[in-house]
1. Hey, among the residues in segment A:83-141 that are among the basic types (Lys, Arg), in contact with a helix residue (DSSP H, G or I) (Cβ under 8 Å, 6 or more places away or on another chain) and surrounded by fewer than 16 Cβ atoms within 10 Å (Cβ to Cβ), which one's modelled with the highest pLDDT?
2. I'd like to know if segment A:302-320 contains one or more residues that are more than 21 Å from residue B:163 (Cα to Cα) and in contact with a Phe, Trp or Tyr (Cβ under 7 Å, 6 or more places away or on another chain).
3. Find the helices (runs of 4 or more DSSP H) located wholly in segment B:151-223 whose residues include 3 or more that are more than 16 Å from the chain's Cα centre (by Cα) and within 14 Å of chain A (Cβ to nearest Cβ), and list them.
4. For segment A:152-168, give me the residue count where each residue is farther than 21 Å from residue A:121 by Cβ and either at the interface with chain B (Cβ under 10 Å from one of its Cβ atoms) or among the β-branched types (Val, Ile, Thr) (or both).
5. Could you count how many residues in segment B:315-336 are part of a helix (DSSP H, G or I), of a type in the set (Val, Ile, Thr) and buried (at least 17 other Cβ atoms within 10 Å of the Cβ)?
6. Report yes if some residue within segment B:243-260 is facing another protein chain (nearest Cβ under 10 Å), part of a helix (DSSP H, G or I) and without any contact (Cβ under 8 Å) to a residue 24 or more places away in the chain; otherwise report no.
7. Of all residues in segment A:303-330, count the ones that are surrounded by 15 or more Cβ atoms within 10 Å (Cβ to Cβ), away from chain B (no Cβ under 14 Å) and either in contact (Cβ under 8 Å) with a residue 40 or more places away in the chain or among the basic types (Lys, Arg) (or both).
8. Is it the case, given these coordinates, that residue A:263 is farther than 27 Å from residue A:188 by Cα, at pLDDT 85 or above and outside any helix (DSSP H, G or I)?
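The values are calculated or read from the model by the stated rules, or taken from the named source; none is laboratory data. Everything numeric in this text was worked out from a predicted model, so none of it was measured. Cβ coordinates were reconstructed from backbone atoms using ideal geometry, including for glycine residues, and neighbour counts include every protein chain displayed.
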Amino acid sequence: MRKCRLLRMALFPLMFAATMALSGCWDIKDINHRSLPIVMGVKQTGQKYKVLLLIPEVSRSEMNIKIISESGITINAILDEINKSLESKLDLLHLKVIIFERPVAEMGLAQSIESFMRSRDIPNKTFAAISDGTLEPLFDKLGASSQGGGTQLYNFFEKNAGWSPEVVQTRIWEVYRSIDSYTRDVAIPSIKPGRTTTIESTGAAVIKNGRMVGSIDSEESLLYNLFKGIGTQGKIEVMDRATVKIVADRLTLSSTLREDQATINAQLNLKVTVLETVGDPSNVEIKQEIDEQLSSRFDTMLRAAQAKEADILGMGQFFRNKLSREELQHWRSKYYPSMKIKFKVHVIIQDEGQLKIR
Amino acid sequence: MDRSIQVIAMCLITNLGLIFFLYPADIIASLSTGHWSAVLLGFVIHIGMVSVYIKGLSKCAPKNVIDLFQSAGNVFAFLMLLPLAVYFVMMLIITVRAYAEIVTMVFLAQTPLWTIMLLFLALSTLVSLWGIESLFRTSMLIALLFFPFLIIVVILSFQNVDWHYMLPFVDRKTATFSYVFHRPFLQSLFAFVGGFLFLGFIPPYVPYQSRKIIMASLLLLPFFLISVYVPLLTFGENTASKFPFPFIMAVDTVDISWLMFDRITIFFMISLLCFVVLFLSLVMWMTLQLLKRSMHFFNAPIASVLLAATVFIVCLLVPSWSNVEQMIWWNTYLRLYAAFVIPLVTFALGVSRRRKEVIRP
């Protein structure tokens, strides 16, 4: 027993030492010796990539923003190069947004998205975005308005900050999922530097198997969000005779498959409040106007997507119970282009604002 | 005194520690649709073997497995239990090495492997030295501390699921069970076998009621299903099959803006690592019991330090993750032996002993 106690006494300091060493402090770099980029931009010139990083530098008195750029063969080579020349350690753990320049998306994102997913430090819930113009003006704009400490772009997408229902939110893992998926494509929000605001939303890019094949505008992005199940509350619909605000939405879908003809019945229930009327429309007229506007917008969007064989609404998901796995492989090419959708909008005018409608 | 609660806690802890890392990848690799069938099959095997094992033990209570096997002859016991001891040692090596690798992959990217392995081994050696009663008391403490975190993370992990990925529900491979004798499924049994053999070693030190244990084992089924289905429903089969640790990936996608911590994965990892350390100490204690019985010159502290040192050295010799996977595969025969032969022999011995006692009371 004494021996046992002796051993315990010997083991305890050893353990204590090991715990000290392992409390996460191995090769620790303090926070003031790290550069924590918030936004990463990726562009392609010829065979080479160029990476821009937006790094906020906080000192006691003020907040500065540093923009670093470097070019090289692969993104990781560039990051390594930047790390080499930086006086502090580059730490991508808090990267919030990755912006691809439009040509990169058109060439194909698969390679870079895969390397982001593989990396240990880039979180897979980082937002993806596409820049409509070149990246430099956008970064200059972001850097110049240093009030938010470089977080404007993140806040722009963040649901509890500046996000609005016509802005698409897409994270890296969603893009990665769509690359191999049989039945689901993805839209990545596109942005450009705003005229008076820092950023302006220009809709979204349609990504099929990691490659940009088209684009949708902001109004269509709203429908995309609707199908994705992200609330559209707060969106304002402007029509000829009235302007309404969406207060609640509910979408129910059912699918049928008869002789290789896929059909979707979609019923959208909207609750709106009236903000403005032009002339003297009745409730019924307002409802009808909303229905027509949304249905026609939806039809154009779907037709464009079907022509590109890009299933951004994830309609294929609703046929997973009707098709086998082998058939699902051909969903995009065989069933989706000829898919019919019956889109019905049922509008409830919850209230008419502070004024009565005739 | 009935210590069923402690045994139940230990049972849950050891299994949970093993479920969430390697198991989902194996199940996802073994099938392309209808993963529920593989999970359920594994689970039925698990429950079946646990019941057989416990039944056999209860026939000859309060003896433990070693006593029981020795009552049938020393040579017999030695031959039967030797593979089990080898299996335990292999399991120690694999678990320590694999989990150290997982830790560096998920959050301690800078830390060298040997320190993590040393920490695991030092902690578990210490806990196992304190004896089985304190081991079980620790299990209660750890369960109380970490179950809430675990449950919260498991609930939150459903944030990004799309239930349509559940379908197609069945295909030919699922219906015919043709996946059973292939490598991924056999490897997935790793998660089941590790967690129940201790039930035979703890009597008479820690008494328990067999019925309660089997009921509690049923609680594990949702966790087995969740560990496989959350990544599948989040990513879809095509993408989920690309990850070495699908569940961790799925938890990584969870985004909660009101939580001040960015990654809930860390909570999850820390709680599971505590479970794993406890599991390691339990396995270490069992191995020592086996060693002590067969070779009397071993006394506890020296033997356990020697065992830990051996495991540590072997772990250092394993260079890469693919070697770890290879070792898990090599261990399959021993695992099948531990999963099927030991419970069945226990049952047979238990029944025959009972009969003898009935004949000459």
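1. If we filter segment A:83-141 for residues that are among the basic types (Lys, Arg), which is where we start, we get A:84, A:89, A:96, A:102, A:118, A:120, A:125, A:141.
Adding the requirement that they be in contact with a helix residue (DSSP H, G or I) (Cβ under 8 Å, 6 or more places away or on another chain) leaves A:89, A:96, A:120, A:125.
Add one more test, that the residue is surrounded by fewer than 16 Cβ atoms within 10 Å (Cβ to Cβ), and what stays is A:89, A:120.
Values: A:89: 84, A:120: 80.
The residue in question is A:89.
2. yes
3. Details: elements: B:172-176, B:183-188, B:190-193, B:210-218.
Filter on segment B:151-223 gives B:172-176.
4. Selection size over segment A:152-168: 5.
5. 2
6. Yes; the residues of segment B:243-260 include at least one that is facing another protein chain (nearest Cβ under 10 Å), part of a helix (DSSP H, G or I) and without any contact (Cβ under 8 Å) to a residue 24 or more places away in the chain.
7. Final tally of qualifying residues: 6.
8. Criteria not met by residue A:263.
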